[in-house]
Amino acid sequence: MSDDKAINPHTGQPLPPESTPPGGTPGAAAASAAAPSASKQTGPPALSSMPSPQELAVRSVLETVMDPELGLSVIDLGLIREVHFLPEKTLVRMMLTTPFCPYAPQMMADVKQAAESAVPQPAEVEILPDAWSPDMMPDPGLLGFSY
């Protein structure tokens with residue numbers, strides 16, 4: 001890796017070439033990477049897009065947030081549906097395994113705290129009204145029965 005490559009301050013990985021602003025310097029790209037810009041996509045990702053390094057960092061830390069009743073992480077359960085990086089906050093949209101989950105307030109607080117530990121901006125957690133099912137899990141077999 002040469003000295004002219006910008007480094008993402010969150011992941012330590014080099015920024016892709018398109019991250020350098022036109023006519024800008026790699027150092028400027030690193031500075032702009034530290035604060036999410038308003039020009040980034042804020043809606044649901046396109047089907048062909050890959051998760052950003054920031055999203056991967058948030059999803060990785062969310063693997064430590066456990067559903068206390070099922071003993072599986074919110075990632076293993078497929079409860080985290082969207083992660084968006086807005087100019088002023090990180091928005092995590094998640095579901096609950098049941099509509100009236102008694103652990104919802106604690107899980108929301110844990111998700112918020114974990115997301116804020118992964119990226120340097122405030123996080124907000126939004127509960128989606130959709131019904132959850134085991135098909136939303138990356139591996140439904142983790143529930144301990146054949147589904």
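Scanning region 80-106 for residues that are surrounded by 19 or more Cβ atoms within 10 Å (Cβ to Cβ), under 15 Å from the mean Cα position of the chain (by Cα) and closer than 18 Å to Ser133 by Cβ yields Ile80, Met94, Met95. Once region 107-147 is narrowed to residues that are within 15 Å of Asp67 (Cα to Cα) and among the β-branched types (Val, Ile, Thr), the residue that is surrounded by the fewest Cβ atoms within 10 Å (Cβ to Cβ) is Ile127. Of Ala109, Ala123, Ala46, all but one fail to be modelled with pLDDT under 95 and of a type in the set (A, V, I, L, M); the exception is Ala46. Regarding region 119-139, can at least one residue be identified that is outside any loop (DSSP other than H, G, I, E, B), under 12 Å from Leu62 (Cβ atoms) and either in contact (Cβ under 8 Å) with a residue 60 or more places away in the chain or hydroxyl-bearing (Ser, Thr, Tyr) (or both)? Within region 119-139 (the criterion being outside any loop (DSSP other than H, G, I, E, B), under 12 Å from Leu62 (Cβ atoms) and either in contact (Cβ under 8 Å) with a residue 60 or more places away in the chain or hydroxyl-bearing (Ser, Thr, Tyr) (or both)), the answer is no, since none of the residues qualifies. Criterion applied to Phe100, Phe85 was being of a type in the set (Phe, Trp, Tyr) and free of Cβ contacts under 8 Å to residues at least 24 places away in the same chain, and the one residue passing it is Phe100.
Among all positions in region 34-42, there is at least one residue which is more than 13 Å from the chain's Cα centre (by Cα), modelled with pLDDT under 70, under 21 Å from Gln121 (Cβ atoms) and not in a loop (DSSP other than H, G, I, E, B). Screening Val83 against (1) β-branched (Val, Ile, Thr); (2) in contact with a helix residue (DSSP H, G or I) (Cβ under 7 Å, 6 or more places away or on another chain); (3) part of a loop (DSSP other than H, G, I, E, B) leaves a single unmet condition, (3).
The values are calculated or read from the model by the stated rules, or taken from the named source; none is laboratory data. Just so we're clear, the structure is a prediction, and the values are computed from it rather than from any experiment. In this analysis, Cβ positions are derived from the backbone assuming ideal geometry, glycine residues included, and neighbour counts consider all displayed protein chains.
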